[in-house]
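Here the structure comes first, spelled out in structure tokens, and everything after it is commentary.
The values are calculated or read from the model by the stated rules, or taken from the named source; none is laboratory data. The structure presented is a predicted model; accordingly, all values stated were derived computationally and were not measured. So basically every Cβ, Gly included, is an ideal-geometry build from the backbone, and we count neighbours across all protein chains shown. Keep in mind that these areas ignore ligands, DNA and RNA; they rest on the heavy atoms of the full protein, side chains included. Shrake-Rupley method; radii C 1.70, N 1.55, O 1.52, S 1.80 Å.
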Amino acid sequence: MKKLAAILLTGIMTFSMAFTASASSKTDGKDMEAKAPDNDMVVAMQADATHLDPHVSSNGYSNTITNAMYETLLTFNEDSEVVPLLAKDWSVSEDGKSYTFHLNEGITFHDGEAFNAESVKAVYERGLADDSLTLQRTINSWEGVTVDDEYTVTINLKEPNNTFINKITQFRIVSKAGMDQGKDYLSKTSCGTGPFILEERVDGGYTKLVRNENYWQDGPTVDTLTFQVVPEDGSRIAMLQTGEADIIMPLPAIDVERIESDPTIIIDNFPSITYRYVTLNTQWENADGQKPFADKRVRQALNYAFDSEAYAKVVFNGYAVEPTSIFSENIMYFSPQTPYKPDLEKAKALMEEAGFADGFDCQIIVDNTTIEQKGAEFVKQQLAQINVNVELLPNESTANAELTSAPLEETTVQMWYVNWGSGSYEADGSMRNILHGEKFPPDGYNTAFWNNEEFNNLLDEALKMTDTDEIAEAYAKAQAIAWDECPWIFLGNDNSLNAYKSYVTGMQYKPAGEIVFTTIGLNL
């Protein structure tokens, strides 16, 4: 049978078959007997979290930190299987509209409040009360939450939704008392059930966590875990070499050869779900009253002017692949499209046909980190070949987050150099929030302000389907439409590269290379 509901009834399974490749580690010749100088772990990160309330921000750096403090009912293991976490098991009704979770008992939040079924309902109610929260991505298909008993909770859906199990892995549980204090409170105090507790934070500087001595399962052995913001790539490398940092993330691809021979450093290389692109504001009007990105021919021309293979080599030292659809091939229901190979003659012809033979001026916002600016500079050079003159506007990631959350009538964003990876590893999560017509900021991140009715309908109908072939067909059609319409410049999929000292123990990853800090330790 190909019915997903029927599959679920046979046992605890995941819809996601997204990530099948595993990490490769460079361990030959490494000093695996090396000793750490202390039991305090330092992770040097490229950028800071935008907020520590797990329901406010969900970018990669925010998730890296908040995932050490907050947990979900279910999670992914290294083999891309959905497995229990705060819930010990679950079942689904025959009509596919109700999911019942049996919860682990005896768990307390960092603030001492007990975790139970009411805790799950309270998170849902917070999402209902504030539609600006990232919770909306998970709960918008829910009808309600029923507390069956102290440790049993049922989530009822408006209609069957084949992405539910994957998306529940993003539903972070926070104590009701903490949520009642508000977002500002949760930016300074952790109220989760995770292995680490927030001790101190300096915005743009560092976030220091301490081990949760009352953690409900076997946890990390380090005393403290500090996330240090180090935007400059060379500085992160130097910190790792001297032992000032124990882990750096990401490792710049261009620096792999520089440190791979160091016997005290291990490098992990993951095929990634990270997809890089430039959003093109289709509603932007320039000083001459023109809307260049409103014309599909212009958008296609930009893609024909861009060399993805050269981008992979120049920006990522070969640790990236050419894009062949609108999300990574490691995501479920990926459907390959015909790549936009560099063709300057075709690009120029399309520009001339659209009335822009002489090009135009535009601006692109980008995070002010080394690798992001290098990528945006490459985009600038490529587009100059067809007389599109791009001005780079580097900003702190928090500033860009604010800029890209402005509604259409207020936005100043013309182009945005950005990357996206759906933590639920499925097609809907990889498209809806960044391309659906109902996801214009501030309700989502469709900063192309692109609205295609057929695309929207395909995504909406696919959620209700139960036949895997029909789902695959719908998502394939959606990808083909977006690929042809080009609301973005399609850049590439870069690998996930992390580096750490050989005395770091217990390194485990989620499918896309996210570190699981529950098992982390230092060899003393």
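Of note:
- Only Cα pairs under 8 Å and 6+ residues apart enter the sum, and on that basis the relative contact order of the stretch 205-357 stands at 18 percent.
- Scanning the chain for DSSP H helices at least 15 Å long along the axis (C-alpha atoms) with a Kyte-Doolittle mean no lower than -1.0 picks out 117-129, 370-384, 453-464, 468-485.
- Nearest-20 debye value, the chain charge dipole, Cβ charges on Lys, Arg, Asp, Glu: 420
- Prolate/oblate/rounded label for the stretch 118-160 (Cα gyration tensor, a/c 1.5): oblate
- E473, E402, reordered so the largest accessible area comes first (probe 1.4 Å): E402, E473
- Cα lying deepest toward the dipole's positive end in the chain, options T505, P271, Q170, charges on Cβ: P271
- Here the extension length gained between D484 and T27 equals 160.2 nm, from 0.36 nm per residue of separation less the Cα-Cα distance.
- If R0 is 51 Å, the Cβ-Cβ spacing of A287 and E260 corresponds to a FRET efficiency of close to 0.55.
- As a length-normalised measure over Cα pairs under 8 Å and 6 or more apart, the relative contact order of the chain settles at 22 percent.
- In terms of accessible area, using a 1.4 Å probe and ignoring ligands and nucleic acids, D131, D40, D218, D255 rank largest first as D218, D131, D40, D255.
- Solvent-accessible surface (1.4 Å probe) assigned to V314 amounts to roughly 80 Å².
- Expected 222 nm ellipticity per residue - DSSP helices of 4 or more, -39500 (n - 2.57), all of the chain, to 500: -8000 deg cm²/dmol
- Of all accessible heavy-atom area on the chain, the percent that carbon and sulfur account for (1.4 Å): 45
- For the stretch 66-143 and the stretch 260-338, distance of Cα centres in Å: 33
- Note on T50: accessible area approximately 40 square angstrom, rounded to 10, probe 1.4 Å, nucleic acids and ligands left out.
- Taking a point 7 Å out from the Cα of D180 in the direction of its Cβ, the residues of the stretch 113-136 whose backbone N falls within less than 18 Å of it are 113-130.
- Charge dipole of the stretch 328-476 (Cα centre as origin; +1 on each Lys and Arg Cβ, -1 on each Asp and Glu Cβ, all else neutral): 500 debye, rounded to the nearest 20.
- Modelled spin-label separation between N77 and N457, with each label point placed 7 Å from Cα along the Cα-to-Cβ direction: 4.3 nm.
- Area accessible to solvent at L392, 1.4 Å probe radius, in Å²: 40
- Whole-number accessible area per residue in Å² for the chain, which is evaluated in the context of all protein chains at 1.4 Å: 39
- Largest to smallest in accessible area, the residues K35, K439 fall in the order K35, K439 (1.4 Å probe, all protein chains included).
- Spacing of the two label points (7 Å from each Cα toward its C-beta) at A399 and D111, in nm: 3.4
- The calculated FRET efficiency for the pair K346 and K477, based on their C-beta separation and a Förster distance of 30 Å, comes to about 0.75.
- Phi angles across the stretch 215-227 convert, under the Karplus curve 6.51 cos²θ - 1.76 cosθ + 1.60 with θ = phi - 60°, into 3J(HN,Hα) values of 4, 7, 9, 4, x, x, 9, 6, 6, 9, 9, 10, 9 Hz, Gly and Pro given as x.
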